[in-house]
Amino acid sequence: MKTKSITTTFTIYEKESELLKEDRQLLESAREAATRAYAKYSKFQVGAAILLANGEIVTGNNQENAVYPAGLCAERTTAFYASSRFPGVPFKKIAISAINPTEALTSPVVPCGSCRQVLSEYENRFNSPIKVILGAQSGDIWELASVADLLPLGFHAGFLPEK
Ligand code: THU
């Protein structure tokens with residue numbers, strides 16, 4: 001028997017000014033996108049902004065529904081839109097932010113498991129790491145070098161039978 005451990009390394013920025021300008025702007029786009037969320041039921045507004053390899057920035061947010069599970073998180077709304085608008089263009093970076101109307105968030109919100117899975121598909125598809133930038137309205141900003149850092153031991157197409 002043996003034991004293995006997997007560690008995740010990420011960077012914490014205490015000052016926003018320490019971020020690359022491009023990353024600061026992407027986070028600002030995610031914050032702005034959060035204000036446009038359709039979060040009628042949870043009231044929890046999430047925004048995402050994806051920078052594509054062609055320089056385009058695509059933003060999106062969570063879209064809820066009276067049939068609760070029919071809604072979709074900000075990250076998947078944005079990733080699916082980016083891929084449908086610019087098919088075949090790798091994702092370089094994603095910034096994610098959220099607004100809790102009852103209590104100002106001071107630490108980052110992290111993507112749910114399904115969103116990690118979806119983002120990892122794009123990372124694997126283009127074999128190119130997607131930098132993840134997580135930040136609330138204020139407080140520390142977290143940065144991960146790749147989606148794989150958020151989803152170790154993730155399922156991927158390589159497990160499926162050959163066609
Ligand atoms: N939500 C996101 O959009 N992204 C996340 O990473 C976590 C949760 C949304 C889904 C739902 O509309 C609301 O936040 C509450 O879960």
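The values are calculated or read from the model by the stated rules, or taken from the named source; none is laboratory data. Here the structure is a predicted model, which means the values were calculated and not measured. So basically every Cβ, Gly included, is an ideal-geometry build from the backbone, and we count neighbours across all protein chains shown. Accessible surface is based on the protein model in full, side chains and every heavy atom, while ligands, DNA and RNA are left aside. Shrake-Rupley method; radii C 1.70, N 1.55, O 1.52, S 1.80 Å.
The set of residues in the stretch 89-121 that are at pLDDT 95 or above, away from the ligand (no atom under 14 Å from the Cβ) and hydrophobic (A, V, I, L, M, F, W, C) comprises Val89, Phe91. Cβ separations smaller than 9 Å between residues 6+ apart or across chains give the following pairs from the stretch 38-65 residues that are farther than 14 Å from Asp23 by Cα and aromatic (Phe, Trp, Tyr) to residues that are modelled with pLDDT of 95 or more and part of a strand (DSSP E or B): Tyr38/Gln45; Tyr38/Asn61; Tyr38/Gln63; Phe44/Ala98; Phe44/Ile99.
Taking the criterion of being in contact with a strand residue (DSSP E or B) (Cβ under 6 Å, 6 or more places away or on another chain) and either acidic (Asp, Glu) or exposed (fewer than 14 other Cβ atoms within 10 Å of the Cβ) (or both), the residues of the stretch 135-163 that qualify are Asp140, Glu143. Evaluating Ala66 against the criteria (1) part of a helix (DSSP H, G or I); (2) within 14 Å of the ligand (Cβ to nearest atom) leaves one unmet condition, (1). For the stretch 125-134, indicate whether the set of residues that are within 16 Å of the ligand (Cβ to nearest atom), more than 17 Å from Thr7 (Cα to Cα), in a strand (DSSP E or B) and at pLDDT 95 or above is non-empty. Looking through the stretch 125-134, at least one residue is within 16 Å of the ligand (Cβ to nearest atom), more than 17 Å from Thr7 (Cα to Cα), in a strand (DSSP E or B) and at pLDDT 95 or above. Taking the stretch 76-106 as the range and being assigned to a helix (DSSP H, G or I) and open to solvent by less than 10 Å² (accessible area, probe 1.4 Å) as the test, the residues that pass are Thr78, Ala79, Ala82. Checking each residue in the stretch 111-124 for being buried (at least 16 other Cβ atoms within 10 Å of the Cβ) and outside any helix (DSSP H, G or I) picks out only Pro111. Across the stretch 22-63, which residue is farthest from Asn127 (Cα to Cα) among those that are within 8 Å of the ligand (Cβ to nearest atom), open to solvent by 40 Å² or more (accessible area, probe 1.4 Å) and not in a strand (DSSP E or B)? Selected residue: Tyr41.
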